[in-house]
């Protein structure tokens with residue numbers, strides 16, 4: 001498949017106008033041909049998971065290879081006007097575009113590769129103007145397909161060895177959304193698609209049977225199944241829930257026996273509504289008893305990885321999962337958030353100058369240089385990724401520094417065999433504008449995804465980050481740029497440097513009696529956080545101190561005691577969301593809900609109550625678990641001018657984690673005081689995983705002594 005088989009041959013205008021206005025500026029000022037390096041990457045892991053799957057490269061290759069401005073494109077650009085109603089672009093620039101060709105060296109990750117935040121999916125090294133003109137389309141292509149491939153991988157992981165069918169065409173975001181999603185979902189691990197055009201274009205297997213309308217247009221359900229079996233005896237999966245599901249199964253069995261007598265096999269049944277866990281169990285009993293042990297049970301109806309996991313935990317005997325809307329729209333995270341940043345540019349004397357974007361949020365500070373990622377393995381498992389600058393080093397050390405780390409960050413060393421030199425993840429795709437890479441068959445991309453996931457030890461925090469040399473370069477550039485900015489600011493205004501105007505808040509999360517040893521939901525060593533909280537408050541280093549309190553009504557839906565048959569620690573569903581069942585705790589106006597007696601309270605200026613709605617749990621101090629209602633803490637902090645938020649308390653793997661993640665999402669510079677927090681650890685490693693998740697999202701991990709030493 002080539003991109004121009006679906007769209008018009010010229011897609012150069014698939015861009016934002018500002019890319020063309022900047023290109024015009026480069027041309028006009030003589031900067032167009034300066035050599036530059038751009039990287040396309042994302043800052044946070046997709047779906048708050050521990051991996052992302054690179055996807056969309058073939059689309060990008062087609063786009064780059066065929067990039068040109070047609071006469072129709074030039075004619076349209078000539079019609080654009082500026083604010084004074086004169087042409088936006090002069091004729092000489094339009095003539096330049098008429099002969100424009102891509103001549104860059106472009107490297108990228110192969111589709112199906114596991115990728116982590118800040119690692120470039122694609123690297124463009126070429127003329128400044130061409131790097132700029134490629135930005136929007138590359139982001140459009142790679143952002144979406146990478147997101148959907150990752151969602152598909154998560155769904156398939158939940159389904160384990162069962163087949164997953166992509167059923168999202170009718171709910172997808174337009175025609176291209178459907179085609180690109182079908183492609184990415186297959187690369188991510190889906191077995192087949194219902195999208196016939198995607199099947200033809202990409203070579204994806206297609207699957208499908210009949211809908212409710214087939215049954216409804218017959219006098220009886222049995223007649224509908226009989227007619228379908230006559231028409232398609234080799235594709236007999238019956239949708240059994242149009243009327244009464246179990247009666248539908250019995251009708252399918254009647255027709256299945258007739259098929260068997262004719263030498264055909266009933267493939268199975270499909271469930272599309274109701275309690276699919278219980279229905280599948282009863283259907284399996286009927287099918288087995290009737291002599292159809294190999295008949296498949298398929299399920300659909302707003303499925304995703306969370307619902308599939310729940311159904312499996314309930315003992316559902318479903319073999320095929322049809323996943324549509326939640327997959328192709330990535331409903332719980334509709335955008336990857338990929339960005340495209342300039343990282344180096346050649347000066348007039350042909351020396352490389354490193355470029356860096358600064359931000360008060362460490363996660364948004366870009367990485368300089370010509371970046372490459374070296375992945376190391378041991379015993380066929382991935383053990384770590386080092387990102388390094390090829391302009392300075394061809395082979396990185398095996399030492400990693402967290403991308404979001406501060407200047408006093410500790411580094412970790414990848415423990416590898418002496419002869420393990422690792423593998424570079426960015427491989428040549430174009431050289432001097434000529435394609436040097438041929439994409440493998442889509443089935444091989446799908447196999448690559450599966451193999452990569454098998455090599456990733458998901459039960460262990462994965463080591464990835466910057467080489468020591470790149471980290472030191474980045475810190476040097478941050479210092480230089482910060483000094484330059486402050487010098488300019490101090491020269492032109494009477495304002496003090498920005499870092500002196502930072503306002504800090506300490507958030508004490510749920511340090512309540514029920515979470516202390518002996519409490520209803522005791523956190524191991526939960527009382528150990530109290531001396532740290534008291535010491536930090538006494539130092540007077542915070543502009544504001546807040547506390548959150550779980551404040552549940554007695555009938556709260558998260559209490560196992562309030563749900564018949566539920567067990568403490570079991571993962572069920574509450575108000576449409578996955579919900580851990582907890583013991584009764586922190587009930588309003590009870591001793592257990594009070595702040596710990598030993599906790600110093602005179603410095604606490606505001607208490608935020610959460611979990612007050614019986615129909616939805618609230619781990620975060622900012623929102624309920626569905627982000628449907630805010631507690632008001634975010635608005636309060638912003639009204640007080642707070643920029644930096646420090647989070648500690650109970651428990652690291654639940655309320656502390658979600659409070660920190662939401663604080664970061666709201667734009668605060670967020671810090672977890674790790675030794676001032678303790679976790680529940682329902683599953684071994686939950687606390688380590690929570691800290692990794694916060695770190696990956698951009699939360700800085702510190703110890704309380706870091707704050708004391710800074711005074």
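Miscellaneous remarks
- Oblate is the label for region 115-198. Its Cα gyration tensor axes, ordered a ≥ b ≥ c, give a/c of at least 1.5 and b/c at or above a/b.
- Cα shape, region 587-627, gyration tensor, a/c 1.5 rule: oblate
- Over the chain, Cα pairs under 8 Å with separation of 6+ residues give a relative contact order of 12 percent.
- Relative contact order (percent, whole number), region 502-709, Cα cutoff 8 Å, 6+ residue spacing: 24 percent
- Share antiparallel - DSSP beta bridges, region 502-709, percent rounded to 5: 20 percent
- Rough spin-label spacing in nm, given labels placed 7 Å along Cα→Cβ, for residue 218 and residue 33: 7.3 nm
- Residue 570 paired with residue 346, simple spin-label distance in nm, labels 7 Å along Cα-to-beta-carbon: 6.7 nm
- Segment residue 535-residue 331, length gained on full extension (0.36 nm per residue, minus Cα span): 69.1 nm
- Multiplying the residue separation of residue 438 and residue 577 by 0.36 nm and subtracting their alpha-carbon distance yields 45.7 nm.
- Residues listed by number, region 505-541, amide nitrogen under 12 Å from residue 597 label point at 7 Å toward C-beta: 513
- Each label point was placed 7 Å from the Cα along the Cα-to-Cβ direction; for residue 71 and residue 278 their separation is 7.0 nm.
- Taking region 103-142 and dividing mean pair separation by its residue count, relative contact order in percent (alpha carbons under 8 Å, at least six apart): 42 percent
- Scattering profile of region 221-354 at q = 0.14, 0.15, 0.22 Å⁻¹ [log10 I(q)/I(0), Debye over alpha-carbon scatterers]: -0.68, -0.75, -1.24
- Packing-based ranking, highest mean first, of 538-550, 251-263 given that Cβ atoms within 10 Å are counted: 538-550, 251-263
- Efficiency of FRET from Cβ geometry, residue 628 and residue 451, R₀ 51 Å, rounded to 0.05: 0.80
- Report note on the peptides 167-177, 298-308: ranked by the mean count of other C-beta atoms within 10 Å, highest first, their order is 298-308, 167-177.
- The chain: C-alpha gyration tensor shape, a/c 1.5 cut-off, then a/b vs b/c: oblate
Bear in mind these aren't lab numbers, they're just calculated from the coordinates by the rules spelled out. Here the structure is a predicted model, which means the values were calculated and not measured. Here Cβ is always computed from backbone atoms with ideal geometry, including for glycine, and neighbour counts include all displayed protein chains.
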